[in-house]
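The values are calculated or read from the model by the stated rules, or taken from the named source; none is laboratory data. Being a predicted model, the structure only gives us computed values, none of them experimental. Accessible surface is based on the protein model in full, side chains and every heavy atom, while ligands, DNA and RNA are left aside. Shrake-Rupley method; radii C 1.70, N 1.55, O 1.52, S 1.80 Å.
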Amino acid sequence: MKTSDIISELANLPVDERVLIADSLLQTLNATQPEIEQAWLKLAQQRLTEISDGSVETLSAEVVFADIDKRLGA
C-alpha cells in the first residue's frame, strides 16, 4: 500500500481516531525522556490540585484573549 493510499484511508476515519493515530505517530518522532515526562506530569498534577482546592484563581479563555487583544492593541 502506498503512503498516499494510507493517508486517504486515514482521512475517512472519525476525528477521535485520527487524533489517536496522529499522536501515536508524533510520539515515534520525538524520543521521550522519562525524567522530563515525570517532571511535566508532576507539574500537571500540582496545577490540578491547586485548581481543585481553590488555591489558585482560574481565568476564562474569553478574559485571557481579551487581555491579549488589549496588550496587542487589537
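Annotation: extensible slack from residue 26 through residue 63 equals 10.1 nm (criterion: 0.36 nm per residue apart, minus Cα-Cα distance).
Averaged over its residues, the stretch 7-74 has an accessible area of 93 Å² per residue, based on protein heavy atoms and a 1.4 Å probe. Taken one residue at a time, the phi angles of the stretch 18-23 give Karplus couplings (6.51, -1.76, 1.60, θ = phi - 60°) of 5, 4, 4, 5, 4, 4 Hz. Gly and Pro are set to x.
Rolling a 1.4 Å probe over the protein heavy atoms of the chain, with every protein chain left in place, gives an accessible area that is 59 percent carbon and sulfur. Working value for the chain: equivalent-ellipsoid semi-axes of 35, 22, 13 Å, each the square root of 5 times a Cα gyration tensor eigenvalue, largest first.
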